[in-house]
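Since every read-out is calculated from the coordinates, none of them should be taken as a lab result. None of these values were measured; they are calculated from a predicted model. With ideal geometry, Cβ positions are generated from the backbone for all residues, glycine too; neighbour counts draw on all protein chains shown.
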Amino acid sequence: MSEVARIALVGATGLIGRRVIELASTNSEVRLIGLARREVPLPRGARVEMFVAEPAKWGEVMEAVQPRALICALGTTWKKAGKDEAAFRAVDHDLVLASAAAALKAGTRHLVVVSAAGADRHAKNRYMRTKGEVEAALSQMAFKRLDILRPGLLRGPRPDDWRLAERLALVAAPLIDPLLMGSWRGMGSIDARDVAGAALRLALRAAPGRFIHDNDAMRRAARELARGTP
């Protein structure tokens, strides 16, 4: 029997983080350790150790549990940040980098981070530019393995985050997705469960390097997790 892998998760309250918890709860290879700033409603039968603390204390938790990998699914929206540049950047940039640095200090050498299709530090769009800046900064850190997930439009229930433009795009996605070709294919929609499955599967890999995963690659990794492919 293979050794159970300790994997830390930040961003447990979000769409992808909740799916990571659900999938890890049915996977005997994983011992999931969640870190959050507030209490997290857990799905029935969840198998996760949740630590509620201010982000400044997350490093102490990671030092104590020594995870082999960190899954970072942190992120907010312009609306949730109160349409404030500093508040938005504090989560999507500063907290992501601080969490990664804390993991490194605790001895974790593998990071799986959820970014976004179209991430580019030179982009005019605030969201894409921030994601690109984060990717560039993480690439300079001393992780043995870095997996960057670049999902397109995320499908999944967001009861506490109603965005009209995104809802309209999701309605149109079944018609538009098959028409997307080439580099545009990565901008199509993907189920948050596939992104979460890919994050877990990739967190179990050991080969060193920096890897970027688009929608198709994430779906393949998610299928591997479901099949129990070593």
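Just for the range 26-44: of the residues that are loosely packed, with under 14 Cβ neighbours inside 10 Å and out of contact with any helix residue (DSSP H, G or I) (no Cβ under 8 Å at 6 or more places or on another chain), which one is farthest from Arg227 (Cα to Cα)? Among residues in the range 26-44 that are loosely packed, with under 14 Cβ neighbours inside 10 Å and out of contact with any helix residue (DSSP H, G or I) (no Cβ under 8 Å at 6 or more places or on another chain), the one farthest from Arg227 (Cα to Cα) is Arg38. Would you point out the residue of the range 106-142, among those that are touching a strand residue (DSSP E or B) at 6+ places or on another chain (Cβ under 9 Å) and in contact (Cβ under 8 Å) with a residue 60 or more places away in the chain, that is farthest from Asp214 (Cα to Cα)? So the residue we want is Thr108.
Checked against the criteria, Glu3 counts as closer than 19 Å to Lys144 by Cβ, out of contact with any Ser or Thr (no Cβ under 9 Å at 6 or more places or on another chain) and free of Cβ contacts under 8 Å to residues at least 12 places away in the same chain. When restricted to residues that are crowded, with 21+ Cβ neighbours inside 10 Å and either farther than 20 Å from Ala56 by Cα or polar (S, T, N, Q) (or both), the range 68-109 contains 2. Within the range 190-230, the set of residues being part of a strand (DSSP E or B) and either buried (at least 19 other Cβ atoms within 10 Å of the Cβ) or out of contact with any Leu (no Cβ under 9 Å at 6 or more places or on another chain) (or both) comprises Ile190, His213.
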